[in-house]
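Contents: one structure, followed by commentary.
The values are calculated or read from the model by the stated rules, or taken from the named source; none is laboratory data. Computed from a predicted structure; not experimentally measured. We place every Cβ from the backbone using ideal geometry, glycine too, and count neighbours over all the protein chains shown.
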Amino acid sequence: MRGLLVGRYQPFHNGHLKIVTQILEEVDEIIIGIGSAQVSHTLENPFTAGERVMMISKSLAKAEITYPYYIIPIPDLGRNALWVAHVETLTPPFEIVYSGNSLVQRLFKEKDYNVKTPPLYNRMDYSGTEIRKRMLLDKEWKDFVPKEVIEVIEEIDGISRLKEIAKEASPDLTDQSGVI
Ligand code: NAP
């Protein structure tokens, strides 16, 4: 059986890695769909689809995840009613969908997919929003992502990118808490 896990992975963090590991106990193959693949260089989505593919594939390799998996970038579509069909054209066939996003859950349920909510681990720290905030404020974030993700972010100078985007969005960098 094949399962689809959809997320934005901005960035891929330890919570995502745990979810992937757990899903692989339930299915034979996993498809990791990278949502909003066309978006990058924004506060909510700083990293490109290619950069997110690197983060995920290097982290899975290091974690010795050898099951067949597919990492598929999925650009957004302006029409929610057609989104599931759009996903189906981009991915291998799947029977189960894993997502914590209520819209994603609804859209797949309406097409009769079996939808499950993956468990969340240490949500205080393993959260894309929290990690991006910490990167901006020069707080500790490296403990919350796989080492390979740190290497990718260093390779692309990701922290400088995020800080420049934040500066453009809110020149008063003293109030960054509400910008991401
Ligand atoms: P999201 O709405 O981008 O993120 C929702 C939040 O849920 C994130 O903060 C995420 O945290 C968190 N989350 C992660 N795993 C969770 C879980 N197991 N339970 C509860 N919350 C969890 O949604 P997403 O699920 O990450 O990504 C969905 C993607 O589908 C998006 O890229 C969206 O644009 C796309 N989509 C597109 C269309 C369309 O184009 N018409 C329609 C529907 C969905 P982390 O940041 O830590 O992961």
(message) The conditions are (1) out of contact with any helix residue (DSSP H, G or I) (no Cβ under 7 Å at 6 or more places or on another chain); (2) surrounded by fewer than 18 Cβ atoms within 10 Å (Cβ to Cβ), and N80 fails exactly one of them. Which is it?
(response) (1)
(message) The conditions are (1) more than 14 Å from the ligand (Cβ to nearest atom); (2) among the β-branched types (V, I, T); (3) at pLDDT 95 or above, and T66 fails exactly one of them. Which is it?
(response) (3)
(message) Here's a check for you: in the range 124-146, which residue that is in a helix (DSSP H, G or I) and of a type in the set (D, E, K, R) is surrounded by the fewest Cβ atoms within 10 Å (Cβ to Cβ)?
(response) D143
(message) Among the residues of the range 112-123, what is the count of those that are within 15 Å of L4 (Cβ to Cβ) and surrounded by fewer than 14 Cβ atoms within 10 Å (Cβ to Cβ)?
(response) 3
(request) Please find, within the range 24-54, the residue that is farthest from the ligand (Cβ to nearest atom) out of those that are β-branched (V, I, T) and over 14 Å from I71 (Cβ atoms). (result) V27
(message) Which of the helices (runs of 4 or more DSSP H) found entirely inside the range 1-118 contain at least 2 residues meeting this: in contact with a Cys (Cβ under 6 Å, 6 or more places away or on another chain) and not hydrophobic (A, V, I, L, M, F, W, C)?
(response) none
(request) Identify, by number, the condition in (1) within 13 Å of the chain's Cα centre (by Cα); (2) within 15 Å of the ligand (Cβ to nearest atom); (3) on the phi < 0 side of the Ramachandran plot that S57 doesn't meet. (result) (2)
(request) Sort through F94, F108 and tell me the only one that's surrounded by 13 or more Cβ atoms within 10 Å (Cβ to Cβ), touching a residue at least 24 places away in the same chain (Cβ under 8 Å), away from the ligand (no atom under 12 Å from the Cβ) and over 24 Å from H41 (Cα atoms). (result) F94
(request) Assess whether R52 counts as being touching a residue at least 12 places away in the same chain (Cβ under 8 Å), within 15 Å of V152 (Cβ to Cβ) and charged (D, E, K, R). (result) yes
(message) Against the conditions (1) within 18 Å of the chain's Cα centre (by Cα); (2) more than 7 Å from the ligand (Cβ to nearest atom), where does T117 fall short? Just the number, please.
(response) (2)
(message) Kindly evaluate K62 against the criterion of being in contact with a strand residue (DSSP E or B) (Cβ under 6 Å, 6 or more places away or on another chain) and surrounded by fewer than 17 Cβ atoms within 10 Å (Cβ to Cβ).
(response) no
(request) Determine which single condition Y121 fails, assuming it passes every other condition in (1) modelled with pLDDT of 95 or more; (2) assigned to a loop (DSSP other than H, G, I, E, B). (result) (1)
